[in-house]
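The next block holds one structure in the form of C-alpha cells; read it before the comments.
The values are calculated or read from the model by the stated rules, or taken from the named source; none is laboratory data. From a predicted model like this one, the values you see are computed outputs, not experimental measurements. In this analysis, Cβ positions are derived from the backbone assuming ideal geometry, glycine residues included, and neighbour counts consider all displayed protein chains.
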Amino acid sequence: MSQSNANQFPVRTFGGPTALFEYGGLRFLTDPTFDGPGDYASPGPTLTKTAPSTATPADLGPIDVVLLSHDEHADNLDTSGRALLADVPLTLTTPGGGERLGVKAKGLADWETVELERPGGGTITVTGVPAIHGPGPREEVEPFAGQVVGFVLTGEGLPTVYVSGDNASLDAVREIAERFAPIDTALLFAGAPRFPMLFDGGLIVLDSAQAAEATRILDARRVVPLHHDSWAHFTEGRDELEAAFAAAGLTDRLDQDWAQRA
C-alpha cells in the first residue's frame, strides 16, 4: 500500500494512551483516560497525572468500539473512561478485563479474532495480539503488571492497523510482524515509563529507541506515537521520540499531524 493510502484516515490524540480514529466506517477509541491531573491509586505504585486531556468524552461523538489494552491501571482506564464504556456497544480488551467489565466487553486472547460488521457492508477483523507490560517473559511480568493485549485491524480494501497497547517486548512485535507486516498505520505506545520499585526500574512500555526499532520490524508506513505525555512516570516524551526516529532514519514514518502538534 502506498504512503498516501496509509495516511487515508486521521488519528486524533488526546494525551496519554487515548486516541480516536474512524476505520471501515466504525469509530474506534483507544484506552479512554479523561480525568483531570492528580494522584490515582492503582495496583502497585500511585500514578500521577500531570496534564489534562485535550477533550472530554462529550466532545467525541458516538464511539462504536473501545480498544482497551487493559483495565487495571488508571493511566489506561480512569473513572470517566469507565463511565464512557457504558455508552459504547463493544469494548475489546484482555480476557480478564472482559470478565471484569461485563456484558459489553469481550476479551481477546493472543491471535483470537472478532468480526465487526461495517455500516456499508463487509467486515473488519480485529485480532488480539501479544503484549507484555514489563521486561522479561510474560509469566514473570503478569503477576506484577497484569495482562495486556494489543490489536491488529484488517479488512478488505482497508489498511492494516496495529494498536500496541502497553507493550515493552520487541519479541512480541516480531511475532506480530511475522503475521501482519507491513503495517500501514501503527499506534505505538511509548514514553519509557519506569518505577524504581518495579522490575528494578526496567521499562514497562517501549522507550523511544525501541519504538523506532518496532517501526522498522513492522515495516510500518505511518506511526502515531501515544502514551508519551501527561503522566509523571513517563520518562521520555516528544523530543526523545523525534530524536530516536531521526537517528534511525525513520522521521518520514511519523504521522504528519502528530509531528505538527506542539
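Quick look at the numbers
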read-out	value
Of all residues in the range 84-98 being part of a loop (DSSP other than H, G, I, E, B), of a type outside the set (A, V, I, L, M, F, W, C) and in contact with a strand residue (DSSP E or B) (Cβ under 9 Å, 6 or more places away or on another chain), the one that is surrounded by the fewest Cβ atoms within 10 Å (Cβ to Cβ)	Pro89
Answer from Ile124, Ile63 - the residue that is among the hydrophobic types (A, V, I, L, M, F, W, C), touching a helix residue (DSSP H, G or I) at 6+ places or on another chain (Cβ under 8 Å) and modelled with pLDDT of 95 or more	Ile63
Scope the range 134-171; condition more than 22 Å from Val65 (Cβ to Cβ) and surrounded by 20 or more Cβ atoms within 10 Å (Cβ to Cβ); matching residues	Gly134, Val141, Ala145, Ala168, Ser169
Subset of the range 228-262 that is at pLDDT below 95 and within 27 Å of Phe180 (Cα to Cα) - its residue that is nearest to the chain's Cα centre (by Cα)	Trp258
Qualifying positions in the range 95-137 - in contact with a Ser or Thr (Cβ under 9 Å, 6 or more places away or on another chain) and aliphatic (A, V, I, L, M)	Leu101, Ala105, Leu108, Ala109, Val114, Leu116, Ile124, Val126, Val129, Ala131, Ile132
Some residue of the range 99-118 being free of Cβ contacts under 8 Å to residues at least 60 places away in the same chain, buried (at least 18 other Cβ atoms within 10 Å of the Cβ) and part of a helix (DSSP H, G or I)	yes
Tally, over the range 48-83, of residues that are buried (at least 21 other Cβ atoms within 10 Å of the Cβ), more than 17 Å from the chain's Cα centre (by Cα) and in a helix (DSSP H, G or I)	0
In the range 119-139, the residues that are small (Gly, Ala, Ser) and without any contact (Cβ under 8 Å) to a residue 40 or more places away in the chain	Gly121, Gly128
Among the residues listed as Leu188, Leu158, the single one being among the hydrophobic types (A, V, I, L, M, F, W, C) and more than 16 Å from the chain's Cα centre (by Cα)	Leu158
Identity of the residue in the range 127-148, of a type in the set (Gly, Ala, Ser) and assigned to a loop (DSSP other than H, G, I, E, B), that ends up modelled with the highest pLDDT	Gly136
